[in-house]
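The values are calculated or read from the model by the stated rules, or taken from the named source; none is laboratory data. Because the structure is a prediction, the values reported are computed rather than measured. Every residue, glycine as well, gets a Cβ built from its backbone with ideal geometry; the counts of neighbours run over all protein chains shown.
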Amino acid sequence: MTSVPSPTPWSTGLPLSVFVFAMSAVTLIAIGDVLADIHPVVAVLVNVVAVVGALPTFLLWRQREVWRWVAWGVAAAVPVAWGVLLLG
């Protein structure tokens, strides 16, 4: 007996990813900006350590039905936030 996979819940998953993207990007930019006022190297180190430390969790979350939307939102926010910090 094989189980039929349930349809992908795009109508609830995408808004969740967008919300997580916005919150993660704003948080990373705000923290990075404050740390850059202290010293730019501190900002880079803290951002890299935070992302590398959280990476195993997000890699596992990609395989969960609900948490994958959160993982994709964060994964999209990190490079955008880093780009804003570098250009700003």
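A single member of VAL18, VAL4, VAL42 is free of Cβ contacts under 8 Å to residues at least 60 places away in the same chain, under 21 Å from the mean Cα position of the chain (by Cα) and over 15 Å from VAL80 (Cβ atoms), and it is VAL42. Say whether the condition of being β-branched (Val, Ile, Thr), touching a residue at least 40 places away in the same chain (Cβ under 8 Å) and assigned to a helix (DSSP H, G or I) is met by at least one residue in segment 71-78. Yes: one or more hits.
Report, ordered by the first and then the second residue, all pairs with beta carbons closer than 7 Å, sequence separation of six or more or different chains, a first member in segment 50-61 that is closer than 12 Å to TRP72 by Cα, and a second member that is at pLDDT 90 or above and surrounded by 11 or more Cβ atoms within 10 Å (Cβ to Cβ). Sorted first by the residue in segment 50-61, then by its partner, the pairs are PHE58/ALA71; PHE58/VAL74; PHE58/ALA75; TRP61/TRP67; TRP61/ARG68; TRP61/VAL70; TRP61/ALA71. No other residue among VAL84, VAL66, VAL26, VAL80 is surrounded by fewer than 18 Cβ atoms within 10 Å (Cβ to Cβ), under 30 Å from TRP10 (Cβ atoms) and in contact with a Pro (Cβ under 9 Å, 6 or more places away or on another chain) apart from VAL66. Is it fair to say ALA54 is out of contact with any Cys (no Cβ under 8 Å at 6 or more places or on another chain), hydrophobic (A, V, I, L, M, F, W, C), surrounded by 12 or more Cβ atoms within 10 Å (Cβ to Cβ) and closer than 30 Å to SER6 by Cα? Criteria met by ALA54. Of the numbered criteria (1) assigned to a helix (DSSP H, G or I); (2) out of contact with any Leu (no Cβ under 6 Å at 6 or more places or on another chain); (3) within 22 Å of SER17 (Cβ to Cβ), the one VAL48 fails is (3).
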